[in-house]
Amino acid sequence: MAYRSRLAHICSSSAGRLGCLQRSGNTDALSSFRRLYSWWSSVQPAPRDPILGVTSAYLADTHPSKVNVGVGAYRNDEGKPVVLQCVREAERRIAGRELMEYLPMGGSAKFCELAVGLAYGEDAQALKDKRVASVQALSGTGAVRLFAEFIKRFQPESSAYLPVPTWSNHHNIFRDANVNQNTYRYYLASTRGLDFEGLKEDLKAAPNRSVILLHACAHNPTGVDPTPDQWKEISKLMKEKEHFPIFDMAYQGFASGDTQRDNQAIRIFLEDGHQLACAQSFAKSMGLYGQRIGCLSVVCADAAEAAAVKSQLEFIARPMYSSPPLHGSLIVTTILSDAALKELWYKEVKDMADRIIGMRTDLKKNLEDLGSKHNWEHITKQIGMFCYSGLTPEQVDRMTQEFHVYMTRNGRISMAGVTSGNVKYLANAINEVTKV
Amino acid sequence: MLEKGENKEYLPIEGLAAFNKATAELLLGADNPVIKEGRIATVQGLSGTGSLRLAAAFIQRYLPGVKVLISSPTWGNHKNILNDAGVPWSEYRYFDPKTVGLDFDGMLADMKDAPNGSIILLHGCAHNPTGIDPTTEQWDIIADVIQEKEHIAFFDVAYQGFASGSLDEDANSVRRFAARGMELFVAQSYSKNLGLYAERIGATNVITTSPELALRIKSQLKRLARPMYSNPPVHGARIVANVVGDPALFDEWRAEMQLMAGRIKQVRQKLYDELVAKDKSGKDWSFILKQIGMFSFTGLSQSQSENMTNKWHVYMTKDGRISLAGLSSAKCGYLADAIIDSYYNVQ
């Protein structure tokens, strides 16, 4: 046949030349040829993810005193990952029971119902009016990504505004969704607190009807949250500007220990009549990191609009992953729909939050006891998993190289990685690198 | 897994290492030179869809403007995935309604017509929706054309083991292409063959020409995955790794796959027998036996398919595709009646 004989004309095409070289047995030439003619010779190694790369570096380190205060995953006082008792119990109940047929594209309806009840408060009017569109998502990342794709499709003229700083992956998500992004001031280095005036100025200066990303509680990476009064002002300002709030809530319950206190920003906005969206994650608050379980919800004008919005979100999900994974949704549903398990969860999440608050106190005290001249008040004023220490990138590098303490270069310390066993060592390391 | 009580920490972006190793070995065979030489980048993905999407995003970034050719017909979500990833696509002829078989000449002609350096999306086995697979000889000719045109082959492998009952046999097409030293994309899914539908477990594989390239490609796949879902779900990956890593469980799986594939073959036979018995016109229904996998393209038109549903309460897709997995031997007679009525009495 014609096509076979074209292959026989060796060395006239790269396919032919490859055949030549393969037969020649000259492995060096073959290697160079392959690199030259590969489709992918222009592919450069990607930069390491600034957060997840820290953990892999930590794992590769063999030093006995190494400390991982990099990634935001909770550890107990022995520095071990924790699976909550309520989760283990839920799994016992699930095991061997459920079939593994596909979930619908929007995930488990029961899961979504329970998730939004938790996020907005069971008594939220929007829920009673059935005008909240919700879909199960791939944890917080997946929820934000769905939202970004949705904005791109249905409000393409609106730019997204992200706080400075924010979780680094937020920038990646909006960029890969091709949504135009800007920033608003958030963290004030001089006070290690909120730059409230800067925040208000920037939200005022943004064009009307912009999309504003807000961290509902326990801001990542700074741990700096607005007060309830400040939230009220932000809400009012955003209403005047007709801005759209998207809340990223990855730490509900984990910040103060009280789920209905940690969502107060959302409840304030709902009372003020905002149509908002919420990207929820159960990774930290239920310790379900690897299950990838979260929820994206969007408050709409009425039930019909909510149905339309939900269908469009499903339409975005279908060519991304068809339907979300089942296991995590079964766990969450089992816990939240059983009064006793829910109570147990509340207790366990409060215990986690309390341990972290305790570690903040200990770290600050240790630094003061070491005679550090710096002001470490922010360690206890900030909230949630992270402390924005104020360490410079160079100081962070010294932390890693000299003391084998792994953290992200923006100076963020994951308090979840601090234990009574390592807090003194950590304080000493910080003190050493910050000595004047 | 319940007894082991493992933790629920994040997987790395590329997924569970034990799963990635297992899935590449299942695809190519553990002793395949591609694996021994480290020339494969494997990243755990969200079942078939997610793995296809990740590969599509990679293509969009590194081969912008290059077109992917998809079979006519193909799984409905392929075009959605390519559209949402911003990758242009066009179709190559595949299904021949006259023979209810493969339009091989049309397929080759369309592949040759495409600009050099296009991407050809192929179904590794058990083509969805037609159930029509090329023969081994035809696969070799397809590979010849792809090499000649300097195209790149992109395999969607959603039914390995499920089609013939044998994991190795069903991977034949991919392995033959890999043996030629071709660079390939392969998206895998464990939804059907391990019944893990809802756990969303699969993999994106890129087979390339050197281990250094494989590492670089893997890092870029991770960079694309991070803003999609950060890291993949652990549960399904652990199940696969456990099944494959335990010889007794692996044997059990192999036997169960034989059973599943066997049941489908039996039901095809039964349906065929019923059709031949009831349809006296002498129409050739043997395509039902020649097709493979879960699906059969009956050749029914849209209106005929609608008749199946409206009159006979048989639920199928409008392109004439029936899922044999949903058919019990008890219902074969009824289905045959419905098909015969729709085929002859509806235009």
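Just a few scattered comments:
- Charge sum, other residues only, whose C-beta stays under 12 Å from B:D341's C-beta, Lys/Arg counted +1 and Asp/Glu -1: 0
- Relative compactness, chain A, computed as alpha-carbon Rg over 2.2 N^0.38 Å: 1.13
- Accessible surface, per residue, of the protein assembly as shown when the full set of protein chains is kept, probe 1.4 Å, Å²: 39 Å²
- Considering helices alone, the calculated mean residue ellipticity of chain A at 222 nm is -15000 deg cm²/dmol, with DSSP H runs of length four and up weighted by -39500 (n - 2.57) and normalised per residue.
- Between chain B and chain A, roughly 6000 Å² of accessible surface gets buried, counting both sides and using a 1.4 Å probe.
- Rg followed by Dmax, in Å, when chain B is reduced to its Cα trace: 20.6, 63
- Which of A:R93, B:R200 is most accessible, then next, and so on - probe 1.4 Å: A:R93, B:R200
- Cα-based shape type of segment A:158-268, given that a ≥ b ≥ c are square roots of the gyration tensor eigenvalues and the cut on a/c is 1.5: rounded
- Rounded to 10°, Cα long-axis angle of helix B:104-113 versus longest principal axis of chain B: 40 degrees
- Accessible area of B:M1 in the full protein assembly, 1.4 Å probe (Å², nearest 10): 80 Å²
- The ratio of the alpha-carbon radius of gyration of segment A:103-337 to the globular-protein estimate 2.2 N^0.38 Å is 0.94.
- Between 0 and 90°, nearest 10: helix B:247-278 axis offset from chain B longest Cα axis: 20 degrees
- The protein assembly as shown: projected area of the alpha-carbon convex hull, averaged over directions, in nm²: 36.2 nm²
- Normalised contact order of chain A, rounded percent, pairs of Cα under 8 Å and 6 or more residues apart: 23 percent
- A straight line joining the Cα centroids of segment B:249-289 and segment A:366-389 runs 70 Å.
- Leading residue at positive end of dipole, segment A:103-337 (Cβ point charges), from A:V224, A:S285, A:G193: A:S285
- Heavy-atom surface analysis with a 1.4 Å probe gives the protein assembly as shown a carbon and sulfur content of 52 percent of its accessible area.
- Kirkwood Rh, angstrom, segment A:64-141 [1 / mean 1/r, Cα pairs]: 16.2 Å
- Placing unit charges on the Cβ atoms of the charged side chains and taking the dipole of chain B about its Cα centre, the candidate lying farthest along the positive direction among B:L167, B:H235, B:Q291 is B:H235.
- Heavy-atom accessible area for A:T183, with the other protein chains in place and a 1.4 Å probe, reaches approximately 70 Å².
- When shorter helices are ignored and each DSSP H run of at least 4 residues is given -39500 (n - 2.57), the per-residue value for chain B at 222 nm works out to -15000 deg cm²/dmol.
- Count of Lys pairs (Cα-Cα under 23 Å; at least 8 positions apart or interchain) in segment A:103-337: 21
- Averaged over peptide B:197-204, the number of partner chain Cβ atoms lying within 10 Å of each residue's Cβ comes to 5.
- Helix axis angle, B:302-312 relative to chain B longest principal axis, alpha carbon, degrees: 70 degrees
- Here the relative contact order of segment A:103-337, from alpha carbon pairs under 8 Å that lie six or more residues apart, stands at 31 percent.
- Here's the list of aspartates and glutamates a cross-link from B:K283 could span, going by alpha-carbon distance under 17 Å and ignoring same-chain residues fewer than 8 apart: B:D96, B:D273, B:E274, B:D337, B:D341.
- Rg and Dmax of segment B:305-347, Cα atoms only, in Å: 9.8, 28
- Every Cα-Cα pair in segment B:89-235 was counted, and those over 23 Å apart are 42% of them.
- Förster radius 60 Å - calculated FRET efficiency between A:R48 and A:K130, Cβ distance, rounded to 0.05: 0.85
- Taking every C-alpha pair closer than 8 Å and separated by at least 6 residues, the mean separation divided by the residue count of chain B gives a relative contact order of 21 percent.
- Segment A:305-349 and segment A:90-157 have their alpha-carbon centroids 5 Å apart.
The values are calculated or read from the model by the stated rules, or taken from the named source; none is laboratory data. Being a predicted model, the structure only gives us computed values, none of them experimental. Neighbour counts run over all protein chains shown; Cβ positions are idealised from the backbone, glycine included. Accessible surface areas use protein heavy atoms only, side chains included; no ligands, DNA or RNA. Shrake-Rupley method; radii C 1.70, N 1.55, O 1.52, S 1.80 Å.
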